[in-house]
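First the structure, in the form of structure tokens, and then the observations on it.
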Amino acid sequence: MGGSREYPRIPGHEVVGIVEGLGAGSAKWKIGQRVGIGWHGSHNHVTGLTIDGGYAEYMIAFEDGLISIPDEILSKEAAPLMCAGETTFSALRNSKARPGDLVAISGIGGLGHLAVQFAKKAGFQTVAISRGGDKEKLARKLGAHNYIDSEKEDPAQALKSLGGAKVILATAPNAKVISSLIHGLNPDGELIIVAGSGEPLELSAMDFLKGPHTVRGSFTGQAKEVEAAIHFSVLTDVRPLIEVFPLERASEAYDKMMSAKTRFRAVLSMSE
């Protein structure tokens, strides 16, 4: 049975730690193993929402909600990959894009900076889209082949001039921007939304008849999908940009994250 939103609740849904104890009948993991758990806590639970999460020194988890964390990656790097990383990785892996196709990443933040890396490592012609020229250097360092400054040119037209995108991954929660991107798709292209503001999209029937185009969301995060994202990240050397805070500064880290001042993921470490 799934849990309910009962408070008080310990938040934190990207958690990496060491197995310290086993429940009765538990045999999947051994004490001392390093494991991780993401948004899906298993058994219809959401980590940090319907069951207690990782903003604590200890937490309890269902054994089938955990994945093994490889030795090649640091715990503080693995944690963001289990949510922001898995979200963007799975969206691209399940998309229509194939190696060599043009894939555009809209937004170079917590999700986007990982999506650019995944797109490049997967063999896509990677285009990064963001506001202002200050993000171009970072975008290219992360692997983008092209950069579109939305303050200087219309992203959809710029994409059309490049031949049109097979896939556009919208990682910034701006409904107006997301709606305009459909015009940058090539025939039978796909606009995938992984972040939203709750505002309605501004799309017309003609937007779909010009393609045909597809607009869809992506909601994944099961243990197998998280494991695949971690494996690919280790295999191709994809890593998040993080700021590390000790547990006692959790409120500061949260406030900085909510005000979009973190570059790009805030991580709580019990050993800092």
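The values are calculated or read from the model by the stated rules, or taken from the named source; none is laboratory data. Everything numeric in this text was worked out from a predicted model, so none of it was measured. Positions of Cβ are generated from backbone atoms using ideal geometry, with glycine treated the same way; all protein chains shown enter the neighbour counts. Surface areas here come from the heavy atoms of the whole protein model, side chains and all, with no ligands, DNA or RNA. Shrake-Rupley method; radii C 1.70, N 1.55, O 1.52, S 1.80 Å.
For the pair Lys256 and Arg216, the difference between a 0.36 nm per residue extended length and the Cα-Cα distance amounts to 11.4 nm.
Summarising the amide proton neighbourhood of Gly196: residues at separation of 5 or more, or on other chains, whose placed amide H is nearer than 5 Å comprise an empty set.
Amide hydrogen proximity for Gly41: with H placed 1.01 Å from N in the peptide plane, the residues at 5 or more positions away or on another chain lying under 5 Å are Val46, Thr47. What does the charge count near Thr236 come to, summing +1 for each Lys or Arg and -1 for each Asp or Glu among other residues with Cβ under 12 Å from its Cβ? Around Thr236, the surrounding residues sum to +1. Atom-type composition of the exposed protein surface of the chain places 52 percent of the accessible area on carbon and sulfur (1.4 angstrom probe).
Overall shape of region 1-44 was characterised from the C-alpha gyration tensor. The equivalent ellipsoid obtained from it has semi-axes of 22, 14, 10 Å, in decreasing order. For the chain, the antiparallel share of DSSP beta bridges with both residues in that region comes to about 20%. Any idea what % of Cα-Cα pairs in region 1-108 are farther than 23 Å? Summing the P(r) tail past 23 Å for region 1-108 gives 36 percent. 3J(HN,Hα) along region 149-164, derived from phi through the Karplus expression 6.51 cos²θ - 1.76 cosθ + 1.60 where θ = phi - 60°, amounts to 8, 5, 7, 9, 8, 6, x, 5, 5, 5, 5, 4, 5, 8, x, x Hz, with x in place of Gly and Pro. Computing Kirkwood radius over Cα pairs in Å for the structure here picks out one of [x] 19.5; [y] 18.4; [z] 19.9, namely [x].
Close amide H pairs (under 5 Å, H built 1.01 Å from N) link Gly189 with Thr214, residues at least 5 positions away or on another chain.
The alpha carbon centroids of region 61-75 and region 111-160 are separated by 31 Å. When DSSP beta bridges are restricted to pairs lying wholly in region 1-135, around 55% turn out antiparallel.
Rounded to the nearest 20, the size of the Cβ-charge dipole of region 47-152 about its Cα centre is 760 debye, with Lys and Arg at +1 and Asp and Glu at -1. Placing R0 at 35 angstrom, the Cβ-Cβ distance between Leu74 and Asn44 gives a FRET efficiency of 0.70 after rounding to 0.05. Shown in residue order for region 57-69 are the 3J(HN,Hα) couplings computed by the Karplus curve 6.51 cos²θ - 1.76 cosθ + 1.60 at θ = phi - 60°: 6, 9, 8, 10, 9, 6, 5, 8, x, 9, 10, 7, 9 Hz (x for Gly and Pro).
Using Cβ point charges alone (K and R +1, D and E -1), the dipole size of region 132-268 about the Cα centre works out to roughly 280 debye. The string of couplings for region 12-29 from the Karplus curve (6.51, -1.76, 1.60, θ = phi - 60°) is x, 10, 10, 10, 10, x, 9, 5, 9, x, 10, x, 4, x, 7, 9, 6, 10 Hz, one whole number per residue in order, with x for Gly and Pro. Heavy-atom accessible surface of the chain, averaged per residue, reaches 51 Å², computed with a 1.4 Å probe. In terms of the mean number of neighbouring beta-carbon atoms within 10 Å, the peptides 36-44, 15-23, 205-213, 263-271 order highest first as 36-44, 263-271, 15-23, 205-213.
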